[in-house]
Amino acid sequence: MQIGVVQSRVISDRLDRGELDVGVLQVFADERRADDVTLASDALHWVKSPDLAIDTGKPIPLLTFDQDCFYRDWALHAEPPPPSGFQIVMECASIAGIISAVGAGLGVTLLNARHLQPDMEIIANGFPTPPDIAYVVRTGRSADTSAVKALARTLTSDADWHRPPSPR
């Protein structure tokens, strides 16, 4: 068995190419595939530090994960965009880094409800409404083997996935 932690889009692409047998990944809820097994659903929110003043006359400072992140692509292409658009001010591969950057007031970002922190402010107006996401187990081309089926069953039976997000 080999385990890797990478962006969901990378996992999906590797599954499609037959490079992985099973993946646990996030997708937009309306982009689930027929054979995906949904582990949990979650909401996305625009968030910022309460100390960050947003000037809509200037590009909005955007904190993003790397270029393989589907949140980033959605944020940059969603309609209607903020009047002056976005300026990516930080790119980070880790959720801890993004959370720290929000807390430091460096910019705005999209976070799922599971990662909201008490010191974050949800931005309710002036930004496109983000879609919901789902955590899914997706199998690759070799899903017919008994080992792959057993692993997928184990992943989908974990009760932790079905627990709702912690309240803020």
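Name the single residue, out of those in segment 88-124 being part of a loop (DSSP other than H, G, I, E, B), of a type outside the set (A, V, I, L, M) and surrounded by fewer than 15 Cβ atoms within 10 Å (Cβ to Cβ), that is modelled with the lowest pLDDT.
Of everything passing the filter in segment 88-124, Ser94 is modelled with the lowest pLDDT.
Could you tell me whether any residue of segment 41-64 is in contact with a Gly (Cβ under 8 Å, 6 or more places away or on another chain), under 28 Å from Pro83 (Cβ atoms) and small (Gly, Ala, Ser)?
Taking every residue of segment 41-64 in turn, at least one turns out to be in contact with a Gly (Cβ under 8 Å, 6 or more places away or on another chain), under 28 Å from Pro83 (Cβ atoms) and small (Gly, Ala, Ser).
Name the single residue that is nearest to the chain's Cα centre (by Cα) among those in segment 16-44 being closer than 11 Å to Ala134 by Cβ and among the charged types (D, E, K, R).
Asp42
Can you give me the number of residues within segment 125-143 that are in contact (Cβ under 8 Å) with a residue 12 or more places away in the chain and part of a loop (DSSP other than H, G, I, E, B)?
10
The values are calculated or read from the model by the stated rules, or taken from the named source; none is laboratory data. These numbers were taken from a predicted model, which means no experiment stands behind them. FYI the Cβ positions are ideal-geometry reconstructions off the backbone, even for glycines, and counts take in every protein chain you see.
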